[in-house]
Amino acid sequence: MAPKSEHDQIAERLAEALKQYYEGGKGIDIKKPGMAAVGVEYAGFRIRLGAFVIDLLITLLATNILPFLGPLLYWWLFTGLRGQTPGKMAFGIMVVDKQGNKPGLGRAALREILCKFVFFSVPLILVFSLCVLLILMVELDEIVYIFFILFLLWLGLACLGALSIAWDKEKQGWHDKIAGTYVVKAR
């Protein structure tokens, strides 16, 4: 029997790791130089955006049921316990750590609550504050401009963090890099 090529060995190793993963085993053993070395395909910006839109629609419903807490629980628990939100399930992608395992509640809290909430809620809070000032017709022109400039700067940073998925080699946003997670194709 002829020896197996390196490509065949990697394919077998990946197939076995995925089988173990879906059966609740250890997961994918990822070694440096990264997941691509074992044939894992990263999920790019557009597919992640599609999943995000589905999840955003669902979280709008969750906001009506449990204001503020519903969306946080939705993103945190689905990502931490399953590695996938319903939007990610629909697109066949999932969040994993460096070993290819589901991120767990701690890593998911860092990724979903701290990173995403802080990046995206601060601009909204600034806009809300600006609207309140405008509604009250406070004659503090300088403060309005300061809020607007801070809003634009923070929103720019948040968008840059999300858009970095498009050009990053491992398709990680800043929230992924901070939490040590990857979004990969699960199918």
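The values are calculated or read from the model by the stated rules, or taken from the named source; none is laboratory data. Keep in mind it's a predicted model, so treat the numbers as computed, not measured. Quick reminder, even Gly has a Cβ in these numbers, built from the backbone with ideal geometry, and neighbours come from all protein chains shown.
Tabulated data
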| quantity | calculated |
| --- | --- |
| Test: residue in region 142-165 that is more than 29 Å from LEU110 (Cβ to Cβ), part of a loop (DSSP other than H, G, I, E, B) and modelled with pLDDT under 70 | no |
| All positions within region 41-70 that are basic (Lys, Arg) and within 17 Å of GLU112 (Cβ to Cβ) | ARG48 |
| Failed item in (1) at pLDDT 90 or above; (2) more than 24 Å from VAL40 (Cα to Cα); (3) of a type in the set (D, E, K, R), with LYS116 passing the rest | (1) |
| All positions within region 71-86 that are out of contact with any Lys or Arg (no Cβ under 9 Å at 6 or more places or on another chain), closer than 13 Å to GLU112 by Cβ, part of a helix (DSSP H, G or I) and not hydrophobic (A, V, I, L, M, F, W, C) | PRO71, TYR74 |
| Search result, residues across region 173-187 that are assigned to a loop (DSSP other than H, G, I, E, B) and out of contact with any helix residue (DSSP H, G or I) (no Cβ under 7 Å at 6 or more places or on another chain) | ALA186, ARG187 |
| Flag for MET94 being in a strand (DSSP E or B), modelled with pLDDT of 90 or more and either of a type outside the set (D, E, K, R) or surrounded by fewer than 20 Cβ atoms within 10 Å (Cβ to Cβ) (or both) | yes |
| Residue satisfying condition, being surrounded by fewer than 20 Cβ atoms within 10 Å (Cβ to Cβ) and hydroxyl-bearing (Ser, Thr, Tyr), within set THR63, THR85, THR79 | THR63 |
